[in-house]
Amino acid sequence: MNPQFGLANVWAQGDIVTRSVAVLLLLMSLASWMVILIKMLDLLRYRKIASKAEDFWRSPDLANGLNSLGQADDNPFRQLVEQGRDASAHHQQAQGQLSNTLDPSDWITRSLRHEIDEFTSHLQSGMAVLASVGSTAPFVGLFGTVWGIYHALLSIGMAGQATIDQVAGPVGESLIMTAMGLAVAIPAVLGYNALVRGNKRLLHKLGRFAHDLHAYFLTGARVHPVSPGSPARKPELTDAPAPKHA
């Protein structure tokens, strides 16, 4: 490639607007990649936590079940168990007040739903950055291209008669801005779609876990599909009586 053309020449020959567009695209790219990497690492960690959900149901009691989920403060499955346990205990302690106005099923459901909503909000943090970059970066690059072509044509017009090689160089360099905009937008869009799919799968597992927790705190047993003639299951936490609270 001729050293007179390329990104370095675009930067050297560009004005304040062209350079500002290039810097903005660079910042947008860095922001989107930071969000993608951080959210992907978080998603992988939450998937590892979700794989331990069945260990909770195989535990002999609630305390051991909580320990099987790990001690991390941001563990959504552990937070669900603690939220359901506290809601059940609060309802039982409010005999004659809360229990007369709201049945335990609705109270526990609201508590679990609140915890899931909080975790959903946490998962969606940063997604707006990817959506914004994916939708605006091509137009930012296009603006840089239009601005560059405009000034290139002005320069060529002031120079008088111009040949095709004199026109192609500056105009081609201006089109680099469009390519830069697409290079920023495509990873952001792909990363956004991948994270949305991963978050949906994780929230689906969390929702199923919350459903089983709701049944456990009301009946003392996890919801199990019943099939005729099925052998008796091994006793586990799901078959224990509902937890009693002082």
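General remarks:
- Around the Cα centre of segment 15-84, unit charges on the Cβ atoms of Lys, Arg, Asp and Glu (plus for the first two, minus for the last two) sum to a dipole of about 240 debye.
- Cα-centred dipole magnitude for segment 59-156, charges only on beta-carbon of K, R (+1) and D, E (-1), debye, nearest 20: 360
Laboratory data are not the source of any read-out in this text; all were calculated from the coordinates shown. Just so it is clear, the model here is predicted, and its values are computed rather than measured. Here the Cβ is made from the backbone with ideal geometry for all residues, glycine too, and neighbour counts use every protein chain on show.
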